[in-house]
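K.L.:
Let me give you the structure first, and then I'll get to my questions.
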Amino acid sequence: MTKRIFIWVGHPRAESLCGALADRYEAEARAAGAEVRRQNLADMQFDPNFPGYVGRQEIDPDLVAWQENMAWADHVLFVFPYWWASIPAMAKAVLDKALVPGFGFKYRKDSMWWDKLLAGRTGDVILTSDTPPWLDTWLYRKPGRRMLKNQVLDFCGITPRKIVQFGSVKSSTPRDRSRWIERAGDMGRTAAEKPVRTAAPVPAHSSITARGARA
């Protein structure tokens, strides 16, 4: 069965190291037989303003497409630059507006527990940072990697596979960057070759309501 992989590049600039890493991941995944869809944040058009889950809110066509790609995929790759211990504001806006109650998760009535609506999928994350990963781990306790692994992927039922951070970008050499790109290719090939898991069907939503919303 052909593996279906969705790649989302969450860098607001079209030309970036994140894009180069995604290019190699995608190329190796396709070469290994996977079917791949991709969206680049730099190409997405949407209103980033988000008042919270209050009332009914229509979402932009590019965010509907993002939902459709997430629902379609067996495996996802998110690629971000690591800014202020998190991801860029526009990338965070995509999660706020598209990874919503009724799509990514659903709280149970009168309960603190929730259903993970993207269960059965797997995911990789690549972060690029000026902070050396060892320092981010030792001094700051890797907040970006923990957030994406535990409070984005796992929260919605996506099983984290590889969560990697490449850096320091500002002091890197061409050899360093080449090595990171090669590793991204290895990750893409591995993702394509892993057995396909049974992913829960998830309808894409073009609007959200406050019911079951997060605070």
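K.L.:
Return a yes/no flag: does region 156-171 have any residue that is surrounded by fewer than 14 Cβ atoms within 10 Å (Cβ to Cβ), assigned to a helix (DSSP H, G or I) and out of contact with any strand residue (DSSP E or B) (no Cβ under 6 Å at 6 or more places or on another chain). Outline the logic, then answer.
P.N.:
Quick first cut of region 156-171, residues surrounded by fewer than 14 Cβ atoms within 10 Å (Cβ to Cβ) only: 170-171.
Applying the additional criterion that residues be assigned to a helix (DSSP H, G or I) yields none.
The answer is no, given that none of the residues of region 156-171 is surrounded by fewer than 14 Cβ atoms within 10 Å (Cβ to Cβ), assigned to a helix (DSSP H, G or I) and out of contact with any strand residue (DSSP E or B) (no Cβ under 6 Å at 6 or more places or on another chain).
K.L.:
Name the one entry in 29, 22, 71, 65 that is in contact (Cβ under 8 Å) with a residue 12 or more places away in the chain and under 30 Å from residue 135 (Cα atoms). Break it down into steps so the answer makes sense when it comes.
P.N.:
On the way: 29 fails: under 30 Å from residue 135 (Cα atoms); 71 fails: under 30 Å from residue 135 (Cα atoms); 65 fails: under 30 Å from residue 135 (Cα atoms).
Result: 22 is the single residue among 29, 22, 71, 65 that is in contact (Cβ under 8 Å) with a residue 12 or more places away in the chain and under 30 Å from residue 135 (Cα atoms).
K.L.:
Can I ask one more? For region 1-90, which strands (runs of 3 or more DSSP E) that fit wholly inside it have 1 or more residues that are modelled with pLDDT of 95 or more and of a type in the set (D, E, K, R)? Lay out the reasoning, then the answer.
P.N.:
Values: elements: 4-9, 35-40, 75-81.
Qualifying strands (runs of 3 or more DSSP E): 4-9, 35-40.
K.L.:
OK, next. Checking residue 176 against (1) assigned to a helix (DSSP H, G or I); (2) surrounded by 14 or more Cβ atoms within 10 Å (Cβ to Cβ); (3) in contact (Cβ under 8 Å) with a residue 12 or more places away in the chain; (4) not β-branched (Val, Ile, Thr): exactly one of these is not met. Which one?
P.N.:
Tallying (1) assigned to a helix (DSSP H, G or I); (2) surrounded by 14 or more Cβ atoms within 10 Å (Cβ to Cβ); (3) in contact (Cβ under 8 Å) with a residue 12 or more places away in the chain; (4) not β-branched (Val, Ile, Thr), residue 176 fails exactly one: (3).
K.L.:
Just a yes or no: is a residue in region 182-196 part of a loop (DSSP other than H, G, I, E, B), modelled with pLDDT of 95 or more and among the aliphatic types (A, V, I, L, M)? Break it down stepwise before answering.
P.N.:
Our first condition is that a residue be part of a loop (DSSP other than H, G, I, E, B); within region 182-196, this holds for 194-196.
Adding the requirement that they be modelled with pLDDT of 95 or more leaves none.
Checked region 182-196: no residue is part of a loop (DSSP other than H, G, I, E, B), modelled with pLDDT of 95 or more and among the aliphatic types (A, V, I, L, M).
The values are calculated or read from the model by the stated rules, or taken from the named source; none is laboratory data. Just so you know, these numbers come straight off a predicted model, no measurement behind them. So basically every Cβ, Gly included, is an ideal-geometry build from the backbone, and we count neighbours across all protein chains shown.
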